[in-house]
Amino acid sequence: MIVVNGGSQDTTVQIARQHGACLIREQGGRGRQLHAGASLAMADILWFLHADTIPPANAVEHIKEALQGPDIVGGCFAVTFAGSTFSARFLTWLFRRLHKVGLCYGDAAIFVKRHYYTSMGGFPPFPIFEDVALLQSLKAMGRLVECPAAVTTSSRRIKRCGLVRTLGLWTALQVLYWLGVSPYTLGRFYRPVKGQMQTPP
């Protein structure tokens with residue numbers, strides 16, 4: 001297990017060390033952080049799990065089963081947003097629909113065969129949409145699958161900023177990315193907003 005710390009001030013470092021994880025520090029955005037971790041991994045399968053996402057207990061077995069077949073390059077899990085609020089339930093429903101049309105994000109705990117990850121150059125060093133870019137490249141190399149089991153991801157940003165504002169921001173950024181706006185430009189806009197979304201009230 002490799003834990004990439006971007007400079008958090010909580011107990012991440014201590015917890016990682018207590019569990020025997022390989023700990024590295026990497027600044028400069030999630031794309032760089034994910035790729036830094038992958039560059040140290042030796043396994044044939046790479047699994048990228050965000051800090052605020054909890055996998056099911058049998059996640060490794062699901063991944064191994066999902067990757068059976070020479071045409072399969074990688075995949076992800078279904079996503080459940082934590083909590084029983086309307087916002088959490090709606091986003092859980094929405095993400096299931098997005099997955100059906102081929103749109104998946106890093107919250108879904110992406111996994112990929114190492115050979116394909118290395119061949120396409122890995123995560124780009126983007127501050128945002130590094131997950132979308134990776135999956136787009138992988139789709140050109142083979143088939144992506146979704147595990148029937150679900151990971152549970154945090155709803156804190158929705159609780160902090162509200163469903164409408166959060167969806168509006170995500171939609172605007174995604175459309176601009178599709179229209180060709182640089183993810184570096186989008187990242188400069190998103191960074192201060194993300195900080196507000198993560199700051200406790």
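Structure notes:
- Exposure proxy for Val164, Val101, Val4: other Cβ atoms within 10 Å of each Cβ, ordered fewest to most, give Val101, Val164, Val4.
- Normalised by the number of residues in the chain, the mean separation of alpha-carbon contacts (under 8 Å, six or more apart) gives a relative contact order of 25 percent.
- Relative to the globular-protein estimate of 2.2 N^0.38 Å, the Cα radius of gyration of the chain stands at 1.00.
- Debye, to nearest 20: dipole size of the stretch 116-197, +1 on Lys, Arg Cβ, -1 on Asp, Glu Cβ: 420 debye
- Arg188-Ile15 pseudo-label distance in nm [points 7 Å out on the Cα-to-Cβ vector]: 3.4 nm
- Full extension of the chain segment joining Val175 with Phe90 gains 28.6 nm, where the gain is 0.36 nm per residue of separation less the Cα-Cα distance.
- Dipole check for the chain: with +1 at the C-beta of Lys and Arg, -1 at the C-beta of Asp and Glu, and the Cα centre as origin, the magnitude is about 600 Debye.
- Using C-alpha pairs under 8 Å with a sequence gap of at least 6, the mean separation divided by the residue count of the stretch 44-155 gives a relative contact order of 47 percent.
- Two-site FRET efficiency, Val164 against Ala140, from Cβ-Cβ distance with R₀ of 25 Å, rounded to 0.05: 0.10
- Size-normalised alpha-carbon gyration radius of the stretch 44-155, reference 2.2 N^0.38 Å: 1.03
- Each label was represented as a point 7 Å from its Cα along the Cα-to-Cβ direction; for Val60 and Gln27 these points are 3.5 nm apart.
- Among Gln136, Gln18, Gln33, the largest mean-square fluctuation in a Gaussian network model of the chain, built with springs joining Cα atoms closer than 10 Å, belongs to Gln18.
- Lysine pair count for the chain with Cα-Cα distance under 15 Å and sequence separation of 8 or more or different chains is 4.
- Computed over the chain with a Gaussian network model linking Cα atoms closer than 10 Å, the most mobile of Met141, Met120, Met42 is Met42.
- Among Phe90, Val13, Val3 - extreme Cα towards positive end, dipole of the chain, charges at beta-carbon: Phe90
- Contact order for the stretch 1-42, expressed relative to its length and based on alpha carbon pairs under 8 Å spaced 6+ residues apart, stands at 47 percent.
FYI, it's all coordinate maths here, none of it is from the lab. Note that the coordinates shown come from a computational prediction; the quantities given were computed from them, not determined experimentally. Counting neighbours? That spans all protein chains shown, and the Cβs are built from the backbone with ideal geometry, glycine included.
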